[in-house]
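The values are calculated or read from the model by the stated rules, or taken from the named source; none is laboratory data. What you are looking at is a predicted structure, and each value in this text was computed from that prediction instead of being measured. Methodologically, a virtual Cβ is constructed for each residue, glycine included, from the backbone with ideal geometry; neighbour enumeration extends over all protein chains shown. Ligands, DNA and RNA are excluded from the accessible area calculation, which covers all protein heavy atoms including side chains. Shrake-Rupley method; radii C 1.70, N 1.55, O 1.52, S 1.80 Å.
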Amino acid sequence: HIFVQADSTSIEAVITGWLIGDDNFIAVAKKSIHAYLCCQELGWAFTDATIERVKKEHKKLYNQFKTAVYLLLYGGDPYLMYMTNPEQFPTKKDAELIQDKIFTMMPALKAWQDQTREQAKKEGELRSPWGYRHKFYDVYTFKKFPNGAIDYHEDGTPKLKMGQDAKRALAFKPQNAAGAFCRDTLLRLGQSPWGRYMSANVSVHDGY
């Protein structure tokens, strides 16, 4: 018997790169977006050799970028990075520095996130490339004092903060598209000559 396994490498990050229209983001996501950011920080060329070198010689920096990317892609913030990974980010300032570096190296990411949240707020929903729709009701909410009173700017407009749907709005399209791609792949496999050999539990995350 022969077992065949395949998976979609970093599929959600690749889809995010496609959504933001950044070919370089797609290319580095297929190899190692974390190693790419390290090479940018260190002033190294981004090659297969430097990917392995970064992982060995700059493990701390690599892990910082890796943790930050996974969180920032879908709306995580420096406070969450600091609270959940204190060994990598001893202070909130450390996490803020990494966030600023990522957004500086990949400016299209921040622009896409802002645009996506604004669209979800304005239209109340988002539609994935496959046509699936998701409703959002709390992308932004009013910033309030401990006594419940709304906080205002000097010009009289209320201050806003991220609502419960702020992260969900950013995660929806990449996650939904990855799932739809997986379903399409399963259909193609099932309709192929190899369909008769597919097990019941053939799909796990992005693997087959």
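Given the structure, is Ile15 part of a helix (DSSP H, G or I), open to solvent by less than 30 Å² (accessible area, probe 1.4 Å) and free of Cβ contacts under 8 Å to residues at least 40 places away in the same chain?
It is false that Ile15 is part of a helix (DSSP H, G or I), open to solvent by less than 30 Å² (accessible area, probe 1.4 Å) and free of Cβ contacts under 8 Å to residues at least 40 places away in the same chain.
Name the pairs: first residue in region 96-116 and part of a helix (DSSP H, G or I), second residue surrounded by 15 or more Cβ atoms within 10 Å (Cβ to Cβ) and of a type in the set (Val, Ile, Thr), Cβ to Cβ under 7 Å, at least 6 apart or on different chains?
Ile102/Val69; Ala108/Ile20; Leu109/Ile20; Trp112/Ile20
Output the residues belonging to region 41-62 that are assigned to a helix (DSSP H, G or I) and open to solvent by 50 Å² or more (accessible area, probe 1.4 Å).
Of everything in region 41-62, those that are assigned to a helix (DSSP H, G or I) and open to solvent by 50 Å² or more (accessible area, probe 1.4 Å) turn out to be Glu41, Leu42, Asp48, Ala49, Glu52, Arg53, Lys55, Lys56, Glu57, Lys59, Lys60.
Any residue at all in region 21-36 that is of a type outside the set (Gly, Ala, Ser), out of contact with any Lys or Arg (no Cβ under 7 Å at 6 or more places or on another chain) and over 18 Å from Lys110 (Cβ atoms)?
The answer is yes; a qualifying residue exists.
I'd like to check something: does region 24-40 contain any residue that is in contact with a Phe, Trp or Tyr (Cβ under 8 Å, 6 or more places away or on another chain), in contact (Cβ under 8 Å) with a residue 24 or more places away in the chain and open to solvent by 60 Å² or more (accessible area, probe 1.4 Å)?
Within region 24-40 (the criterion being in contact with a Phe, Trp or Tyr (Cβ under 8 Å, 6 or more places away or on another chain), in contact (Cβ under 8 Å) with a residue 24 or more places away in the chain and open to solvent by 60 Å² or more (accessible area, probe 1.4 Å)), the answer is yes, since at least one residue qualifies.
Count, please, the residues in region 126-146 that happen to be in contact (Cβ under 8 Å) with a residue 24 or more places away in the chain and open to solvent by 60 Å² or more (accessible area, probe 1.4 Å).
First, pick out the residues of region 126-146 that are in contact (Cβ under 8 Å) with a residue 24 or more places away in the chain: 126, 128-130, 132, 134, 136-140.
Narrowing the set further to residues that are open to solvent by 60 Å² or more (accessible area, probe 1.4 Å) leaves 129-130, 132, 134, 137.
Number of matching residues: 5.
Tell me the residue from Glu123, Glu118 that is at pLDDT 90 or above, open to solvent by less than 100 Å² (accessible area, probe 1.4 Å) and under 26 Å from Asp77 (Cα atoms), please.
Values: Glu123 fails: open to solvent by less than 100 Å² (accessible area, probe 1.4 Å).
Within the list Glu123, Glu118, the selection yields Glu118.
Could you grab me the full set of residues in region 67-95 that are surrounded by 18 or more Cβ atoms within 10 Å (Cβ to Cβ) and either in a helix (DSSP H, G or I) or on the phi > 0 side of the Ramachandran plot (or both)?
Matches in region 67-95: Thr67, Ala68, Val69, Leu71, Leu72, Gly75, Pro78, Met81, Tyr82, Ala95.
Starting from residues that are without any contact (Cβ under 8 Å) to a residue 40 or more places away in the chain and among the aliphatic types (A, V, I, L, M), keep the ones in region 165-188 and report whichever is most open to solvent (accessible area, probe 1.4 Å).
So the residue we want is Leu187.
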